[in-house]
Each structure stands twice: as structure tokens, then as C-alpha cells.
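Everything below concerns the one structure shown next.
The numbers here are math on the coordinates, done by the rules we state, and not lab data. Quick caveat, the model's predicted, so the values are computed rather than measured. Positions of Cβ are generated from backbone atoms using ideal geometry, with glycine treated the same way; all protein chains shown enter the neighbour counts.
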Amino acid sequence: MNRSWLLGVGVVVSAGVALPASAAIRVAVVTNPAAMDGAVATAAQLNDDTHFDFTATVVQPGDIDSAAELANYDVVVFGDSGSNNNTWTQAMADSLVTFVTAGHGVVSTGWADFAIT
């Protein structure tokens, strides 16, 4: 997959997510079914936070590859193990570009940039 979609998303992410302080922040944490440990730990840490009201859910790329599916979230977090074994799809990438353009947030962690080159 070409990484241009991530670069396009990164330009828009700086706009941030505007939510009231008391609002629940719905987070999709993207995982590879073969290596879920990191995503599960990330979601657990977000759900354990006492300062913000996060509701983090572990999802697979196929769970967020349309606007209708992404409508359930305010922010998407994704990364990679560095083994280049992700299961990201072009449909997911295209949907994320639209998601961010609409004012939502995307956070990439770990080896995300390496994984899509």
C-alpha cells in the first residue's frame, strides 16, 4: 500500500477533535488478528484513564473500512509491530482520509510509517 494516504491524513489531523470536556471519546484501536497484544493493552490503558472518558474498542481493518463503520468513533489509533505484517487495506485508508477530513482524529504509533512504505 502506498503511504500517501497517511501523509494526506497527517496534514488534516492537526485540526484536532473538538469534543466537550464531559463527552465520551470513542476510540477505535486497530489490530492485526495475528498480533493483538499491543492493541488490547492500548485499549485497556485508555479505558482505565480517569481524566478523560475514553471508550476504546479493538477493531480490525475490515471493521473501519467504510464511513458508516467509522461513524461509531471519534478517533482511530493504529500502529504496527515492525514486522510488516499488518492487514491494512486500501478501503480502510480511503475511509480514514474521509474521516479525518470530516474533523475526526487519527493517531499512528510505532512502526506505522514503515509498515506502509
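Quick one: which residues, 5+ away or cross-chain, put their amide H under 5 Å from the amide H of I25? H built at 1.01 Å from N.
Under 5 Å from the amide H of I25 lie the amide H atoms of D53, F54, T55, each far enough along the sequence or on another chain.
Sort 65-78, 46-59 for me by packing, meaning the mean count of neighbouring Cβ atoms within 10 Å per residue, highest on top.
Answer by packing, highest mean first, reads 65-78, 46-59.
What number comes out for the charge environment of F52, summing +1 per Lys or Arg and -1 per Asp or Glu over other residues with Cβ under 12 Å away?
-3
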